[in-house]
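The values are calculated or read from the model by the stated rules, or taken from the named source; none is laboratory data. Everything quoted here is computed from the prediction, not taken from an experiment. Cβ coordinates were reconstructed from backbone atoms using ideal geometry, including for glycine residues, and neighbour counts include every protein chain displayed. Accessible surface areas use protein heavy atoms only, side chains included; no ligands, DNA or RNA. Shrake-Rupley method; radii C 1.70, N 1.55, O 1.52, S 1.80 Å.
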Amino acid sequence: PQSLKWKDSKTLPQDILDQAANYQAPNGGMVYYIPQDQYVSPYLSAYTAIAFNWLRDLGHTPPQAVEDKLHDYLLTLLRQDVYPDFYTRGMASSVRAVALAALAPHGKIDQSDLDRYQPHVERMDLFGRAHYLMAATEIAGADSGYAADARKQIMAQSVQSGGKIGFNEELDDSYTRIL
């Protein structure tokens, strides 16, 4: 309602962005509480990079040093197996897809990255497949077959009826640890 007033709502996004360094470990990954490498969450790191992209698109400025370190961390995440023990292969594949989608608008990944992860799309959950699709559509000159395949796999898990579409998937409880 018109009577609702949110004090400082105009400055809140930038204020939060300015605090991002407080949640970044030395290796560039993001943490929930204690900024040390052993507490880095690969999922939080990839999703933070996505959120930085959204906020930039809305006119806010993520701290450049934080974002640069975060991108370096995500590039390492894509090239090395640095996941916590509780990550399943599907979880790792999905988080890598989120990292691909976060890095694609910055030109930090290319066709070779899509090539490397394309065989893993079938292991991803719907969220991961959607982010792989976003990355594949963002990269200029990328094999459009990858986007079509990801789209087909996403739609294969849908049910359409009466002008509605729903998506079905069953995930084990371990996926709750990547939100």
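A few notes on this one:
- Volume in Å³ per residue [convex hull over Cα atoms, computed for the range 24-179]: 130
- Karplus-based coupling profile of the range 104-112, in residue order and whole Hz: 4, x, 9, x, 8, 10, 9, 4, 4, with θ = phi - 60° in 6.51 cos²θ - 1.76 cosθ + 1.60 and x standing for Gly or Pro.
- The residues of the chain expose on average 58 square angstrom of accessible surface per residue, using a 1.4 Å probe on protein heavy atoms.
- Entry note, the range 122-179: relative contact order of 28 percent, from Cα contacts under 8 Å with a spacing of 6+ residues.
- Here the Gaussian network model covers the chain, with springs between Cα atoms less than 10 Å apart; of Ser112, Ser94, Ser144, Ser112 fluctuates the most.
- In a reduced charge model with +1 at each Lys and Arg Cβ and -1 at each Asp and Glu Cβ, the chain shows a dipole moment near 440 debye about its Cα centre.
- In straight-distance terms, cross-link reach from Lys152 covers every one of the lysines whose alpha-carbon lies under 20 Å from its own, apart from those fewer than eight places away in the same chain; here that gives Lys164.
- Expected 222 nm ellipticity per residue - DSSP helices of 4 or more, -39500 (n - 2.57), all of the chain, to 500: -15000 deg cm²/dmol
- Considering only Asn27, Asn53, Asn168, the mean-square fluctuation computed in a Gaussian network model of the chain, springs between alpha carbons under 10 angstrom, is largest for Asn168.
- Per-selection Kirkwood Rh - the range 123-179 (Cα, Å, 1 d.p.): 12.7
- Note, ³J(HN,Hα) from phi for the range 113-126, Karplus 6.51, -1.76, 1.60, rounded to Hz, x at Gly and Pro: 5, 4, 4, 5, 9, 4, x, 8, 4, 5, 8, 6, 7, 4
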